[in-house]
1. Exceeding 25 Å between C-alpha atoms, which entries from my cross-link table qualify? They are 335/390; 187/456; 278/434; 343/400; 305/434.
2. Using a Förster radius of 30 Å, what is the FRET efficiency between residue 460 and residue 403 based on their Cβ-Cβ separation? Nearest 0.05, please.
3. What is the dipole size for segment 275-318, taken about its Cα centre, with +1 at each Lys and Arg Cβ and -1 at each Asp and Glu Cβ, in debye to the nearest 20?
4. Which of rounded, prolate or oblate describes segment 202-354 when judged by the alpha-carbon gyration tensor and an a/c cut-off of 1.5?
5. Could you tell me which of rounded, prolate or oblate describes segment 314-468, using a ≥ b ≥ c as the square roots of the eigenvalues of the alpha-carbon gyration tensor, with rounded for a/c under 1.5 and, failing that, prolate when a/b is larger than b/c and oblate otherwise?
6. Suppose every Lys and Arg Cβ carries +1 and every Asp and Glu Cβ carries -1, with no other charges. What dipole size does segment 319-425 come out with about its Cα centre, to the nearest 20 debye?
7. Within segment 290-350, report the GluC sites (Glu not before Pro) that DSSP leaves as loop and that have at most 12 other Cβ atoms within 10 Å.
8. On a full-extension model of 0.36 nm per residue, what is the gain between residue 390 and residue 420, subtracting their alpha-carbon distance, rounded to one decimal in nm?
Amino acid sequence: MNSIFKTSLSLLAAASVLGIAVLPAHAQQRFSSRDTVLVSPEGDILDYVPDDGSVRVMRDNRGRTVYVDGWGNVVATAMQADRYFARGDDYRPRRETRGYPETNPDYFPPAPEADYGDELTTSSVPEIREGLPGDIERQPLPDADFGGSQPLPDFSDDSAALPENSTDPNAEFVPGPKFQPAIAIGKMSSAEITALQVFLDREGFSPGVIDGRKGSNVTKAIEAWQNATGETLDPNNADDILERLRLSGGLAFTTYEISAADAAGPYVAAIPDDYAQKAALPHLSFTSTTEMLAEKFHMDEAYLKEINPGVDFTIPGTIIKVVDTGEKKTGKVAKILADKGRKQVLAYDANGTLIAAYPASIGSADTPSPSGTVTVERIALNPGYTYNPKINFQQGSNNKVLTLQPGPNGPVGTVWIALSKPTYGIHGTPEPSKIGKTQSHGCIRLTNWDATELAKMASAGVTVEFVD
């Protein structure tokens, strides 16, 4: 009896945090109507109504009716039937009698494009699921080192922040590789800069978020690409960039139809700053369709909205304009170089050839990243996060150990690459637009998509060298 009471309280608390209101019991009867369909988080239309004893009926922050299980996870969202069926079609869901399979360890949906393969470890099962059958390995991060950001003053064009590639023999020695300086980007349209960013992203030399703006992340991506290929890239030659795009998969922009799964989520109303409030959430999912789609296409969320003025991203079937990032970079990484001066991670193969580069936030003055050489110990995807103020940093007034559930908006994003030096790792971020332009609490922070791409090319034992 106490267990049932505690579960009910936990569910109500989660509903409060998520901005979901509990509906009266009689509201469940509306789902026998032919006007509404139930859409699962995977985008499937349910042909049944989950059993009353296994779910609660609530409302999310947009006023939609949702079914939520005992852990606060969204089982299905009620959507208008006329979005899925022709007018006059009869939709009468049957009543489910066996309950929703909420003990399925694969219930948490993966992050966008989360096709990780068999060599990596996933960590998607919360510790509160004590009754799960079988042996399920969870990899919390008891010693992860992550905290708030310290933004630099201007993100619009921060090329001046790049270290100089001086050839003066009397100049002060700066560790790390020396790259041929990139040609300065002149007056270009937002679309032309986007085309340049998309080309670099396809090549595996990430410009960070694609936002149609020039800046240090674009410049250092060009320099790394030139070093890897031996070519010189003129960013101001729009015709050349367009031809390179054509050869690498097509034009920079394409269209995308918003699916039922995109609209259904699950999403959370907001991600609080306080870690104790974060720990109360059942998962740290995206907060909106636009945030999810922006990350799916490596874009800045504001830029996605800008090129789709007036669009309602919550309606399935809506056609939107996005960038075409093409195929992911593949290869086998043998060495990773974390260049603190350039705020860039460089990935090399066994022959010492540079095969990929990513903008990064690496340490800070207060909590510097280590120096020297370490190795990759393990790779966890969709990891949970354990906050321990005695091991990590002090976040707000939290002085107790807290367990945060997985999700792209978690402190380490969707990837944790643990290093042999305790408390340090390479990981994702909930704020991709700040990568390469802010500082971290000692770790190496990448965008979620860049961290995922690197994780799929790396493995345990890979050398990671820090250079100042």
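1. Pairs exceeding the cut-off: 335/390; 187/456; 343/400.
2. Result of the calculation: an efficiency of 0.75.
3. That gives a dipole near 180 debye.
4. oblate
5. It is oblate, given that a/c is not under 1.5 and a/b is not larger than b/c.
6. It comes to approximately 100 debye.
7. Taking segment 290-350 and a limit of 12 other Cβ atoms within 10 Å, the loop GluC sites (Glu not before Pro) found are 327.
8. Computed gain between residue 390 and residue 420 is 8.8 nm.
The values are calculated or read from the model by the stated rules, or taken from the named source; none is laboratory data. The structure presented is a predicted model; accordingly, all values stated were derived computationally and were not measured. Please note: Cβ atoms are built from the backbone with ideal geometry, for glycine as well, and neighbour counts cover all protein chains shown. Heads up: the accessible areas ignore ligands, DNA and RNA and are worked out on the full protein's heavy atoms, side chains in. Shrake-Rupley method; radii C 1.70, N 1.55, O 1.52, S 1.80 Å.
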